[in-house]
Amino acid sequence: MNRFKTYLGVFLLGASVLVGCESGPSVADKRAEVMAIHDEVMPKMDDIHKLTKELDSMRESLSASAEGVDSVALGEIADLKTQLKSADDAMMDWMHKFDASKLTGDKATALEYLDSEMVSVQAVKVEMLKAIEDAKAYLAK
Ligand SMILES: [Cu+2]
């Protein structure tokens with residue numbers, strides 16, 4: 001009887017492990033979640049380019065000012081442009097490095113890869129939104 005209980009226990013444990021695996025997210029679902037974050041912020045690359053141009057024309061008008069060059073403002077503009085450029089690069093870099101071939105093999109490995117891509121695409125999103133917000137706030141002053 002004791003031996004039977006042990007067998008039963010092992011069997012149930014095994015079954016619950018299998019059920020646990022099957023009920024987890026599929027690679028396709030998780031990939032879609034990662035891509036949804038990407039697709040949400042990708043259109044904002046246009047904002048980054050537009051704001052960069054606006055900062056450029058602001059810099060030009062400052063440089064042409066008859067009252068002398070405002071070097072503090074020029075420095076602030078340069079910093080904002082660096083921030084926008086870095087956010088733009090982060091997105092391009094992320095897209096370039098995303099490797100779909102890592103999703104075709106072992107499921108656990110694919111899910112692990114998607115987890116780390118989720119973390120990095122969210123970091124790209126945060127960086128882009130911050131750069132855009134800062135540039136907009138500065139230009140609105
Ligand atoms: Cu993108």
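What residue, of SER120, SER57, is hydroxyl-bearing (Ser, Thr, Tyr), over 18 Å from the mean Cα position of the chain (by Cα) and part of a helix (DSSP H, G or I)?
After ruling out the rest, the residue left standing is SER57.
If you go through the stretch 78-90 one residue at a time, do you hit one that is of a type in the set (D, E, K, R), away from the ligand (no atom under 16 Å from the Cβ), closer than 22 Å to ILE132 by Cα and touching a residue at least 60 places away in the same chain (Cβ under 8 Å)?
The answer is no; no qualifying residue exists.
Between ASP99, ASP134, which is loosely packed, with under 12 Cβ neighbours inside 10 Å, over 14 Å from the mean Cα position of the chain (by Cα) and of a type in the set (Asp, Glu)?
Only one candidate qualifies: ASP99.
Conditions tested, residue by residue: (1) farther than 18 Å from GLU40 by Cα; (2) among the hydrophobic types (A, V, I, L, M, F, W, C).
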| site | (1), (2) |
| --- | --- |
| ALA90 | no, yes |
| TRP94 | no, yes |
| ASP99 | yes, no |
| ASP106 | yes, no |
| THR109 | yes, no |
| TYR113 | yes, no |
| VAL119 | no, yes |
| GLN122 | no, no |
| LEU129 | no, yes |
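Of all the residues that make up the stretch 23-48, how many are touching a residue at least 24 places away in the same chain (Cβ under 8 Å) and either out of contact with any Pro (no Cβ under 9 Å at 6 or more places or on another chain) or not in a helix (DSSP H, G or I) (or both)?
Residues that pass the stated criteria total 15.
Only the coordinates and a few stated rules stand behind these numbers; no lab work does. Note that this is a predicted model, so its numbers are computed, not measured. Virtual Cβ from ideal backbone geometry, glycine too; neighbours counted across all protein chains shown.
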